[in-house]
Amino acid sequence: MRVGRYIGWKGYVEAVKSSQAITALPAIILAVSIAHLPVPEGLTDTSMRLLGVFAGVIVGLLTADYDMSVILAAALLVLTLTKSFMCTTASGHSIECDRCKTMYRGDGGHWHEYTCDPIGGSFEVAISGFSNKVSWLVFCAFHIGKAVEKTGFGKRVSLALVGSMGQSALGIGYAVCLAELILAPFIPSNTARGGGIVYPIVESVIASLGVDPHIGEDPVGGFLSFVAASANLISSSLFVTGMAGNPIVASKAADIFGIEFGFSEWVIGASVPALLIMLLLPPFVHILLRPKLDFTNLSQNIRRQHHALGAMSDQEYRLCATLLTCLVLWVGTPYFGIDATVVAYMAIVILILLNVLTWSDVVKNHKAWDTFFWLASFIVLAEQLTALGVTDWIGNSLSRSLHNASPLVCTISLSLAYFFSMYMFSSISSHVVAFAGPFFAAGYVLGCPPKLLTILVALFSSLAGILTPFSTGSVAIYASQGYISQPKWFMFGLLFSVLSLVVVFTVGLIWWKIIGWY
């Protein structure tokens, strides 16, 4: 074979440049660099490897030409092979997986072995997210949405919604916001509310406006998806019952500051900034995406589509009965004692038994399976960041760095750090559990005004969820539709976060000063 038949050097360079793998290089370099940095006090080599891989995943989502699930599958594989998780021994001890089968000196000076499998134990941790209730709640919400779509009930509701408030894109956006505000006080799971009830209607509205869900990015679909995801988070921040993690914030504030922060205090504190942010949401997103809707023949088109649907079918009545049952059980979670995920799972089984859905519908719902995989993977990373002490290390570092600042500056600084630490989490509730206590403890030491820091953490626990497309189940559902690319979601999330922060630290601070919270 002659040399001329080989690809030339320039051709080789072009092939490398066009390679899919080369797009992952920045993420790989960052992950390796962080993993090999000097280990700070409070962390370990295992912590640094996990932190490096997590940072690499975030950068990879922005730069790598791979699906999110592929990036996370690779991350979990690397962490498994490098034994960078916390394993559980046969005796119940939690140790870093790379210490499995090593010796330690126990009570009485006797030597014992940590009985666990370093690679097998790591893999068990890697797949533990697939048994997480949040993952299953999102998975079930997708199938509920499929049932609403399949029966035509979602289209029926969406046509009524668009007909009443659909004179403009902003009108539809405000209709979605209003739906979230009405439901938020009664449904303590933002994923059940956004994913199981509002999302199917939003998707049907998008379809009614002539958007093809298979074409990828679309300004109209992107506008409604981002507005709905953001409205879900804003409504969650407005009520202590709006999101599962909110009572934890109130409980931590009571434990550390000794203050009562119940339903009325929460609504009073959050109402002015949260409602103003909700009011600004649709026009702000409209400016970002500039959706172009043809309303010329919309009313006539809506009437024609509504007539074509005819009377409600038996399947729609069965679906409505199932959704109403879910709504009652979700609202009455404190009384019935049935977890929101169990309710959603029950709904899927009932819908299949009633022939509203078929098992084939479940199998073919590829968006549900894809989201289930990558959300479960992110949950594992978030839980392990806490287990390996990374979250505590960040909180402790913050309190040491602010010891010379004024109480107000400390409060604002801690709340901002709390807000942007959401980048590290795939669950709002996990974020609250991991950081609310450490940040309140740091605020107590630094003399922060208790109610001011509490309301900031209360608001930011939900509002920060818009920073990423994987922060919570409801956001993941909307982001996975593909109307907005992942890099653009990060960018839009950051821009809307800046708007929210401006409102909170101007109008919010004035309001809290008026009511005497600092």
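How large is the accessible surface per residue of region 356-437, computed with a 1.4 Å probe and reported in Å² as a whole number?
It amounts to 36 Å² per residue over region 356-437.
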Check GLU96: other-chain or 5+ apart residues with amide H under 5 Å from its amide H, H built from backbone geometry? CYS87
What list of ³J(HN,Hα) values in whole Hz, one per residue of region 392-408 in order, does the Karplus curve 6.51 cos²θ - 1.76 cosθ + 1.60 (θ = phi - 60°) give from phi, with Gly and Pro shown as x? 4, 4, 5, x, 5, 5, 5, 5, 5, 7, 10, 5, 9, 8, 6, x, 5
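So, by mean Cβ neighbours within 10 angstrom, what's the order for 64-71, 334-341, 245-252, 369-376 with the highest one leading?
369-376, 245-252, 64-71, 334-341
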How big is region 67-164 by Rg and Dmax over its Cα atoms, in Å? 22.9, 78
Across 5 Å bins from the origin, how do the percents of Cα pairs in region 103-217 run, short distances first? 2, 10, 14, 15, 14, 9, 6, 5, 5, 4, 4, 4, 3, 3, 1, 0
Place a +1 charge on the Cβ of each Lys and Arg in the chain and a -1 charge on the Cβ of each Asp and Glu, then give the dipole magnitude about the Cα centre in debye, rounded to the nearest 20. 940 debye
Which listed pairs, of LYS150/LYS488; LYS252/LYS451; LYS451/LYS513; LYS146/LYS367; LYS146/LYS364; LYS150/LYS367, have C-alpha distances above 19 Å, in listed order: LYS150/LYS488
Give me the percent of accessible area attributable to carbon and sulfur for the chain, probe 1.4 angstrom. 65 percent
Counting only protein heavy atoms and leaving out ligands, DNA and RNA, the solvent-accessible surface of THR191 at a 1.4 Å probe, in Å² to the nearest 10, equals 10 Å²
Contact order normalised by residue count of region 29-186, Cα under 8 Å, 6+ apart, percent: 12 percent
Principal axis dimensions, region 316-434 - Cα atoms, whole angstrom, descending: 65, 31, 21
Provide the FRET efficiency to the nearest 0.05 for the ALA90-ILE22 pair, computing r from the beta carbons and using R0 = 51 Å. 0.70
Difference of contour (0.36 nm per residue) and Cα-Cα distance, THR506 to VAL328: 60.2 nm
Before I look further, what does region 46-177 give for accessible area per residue, probe 1.4 Å, in whole square angstrom? 43 Å²
For the chain, what size does the Cα cloud have along each of its three principal axes, sorted from largest down, in whole Å? 83, 80, 49
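The values are calculated or read from the model by the stated rules, or taken from the named source; none is laboratory data. From a predicted model like this one, the values you see are computed outputs, not experimental measurements. Here the Cβ is made from the backbone with ideal geometry for all residues, glycine too, and neighbour counts use every protein chain on show. Remember, those area values only see protein heavy atoms, side chains included, never the ligands or the DNA or RNA. Shrake-Rupley method; radii C 1.70, N 1.55, O 1.52, S 1.80 Å.
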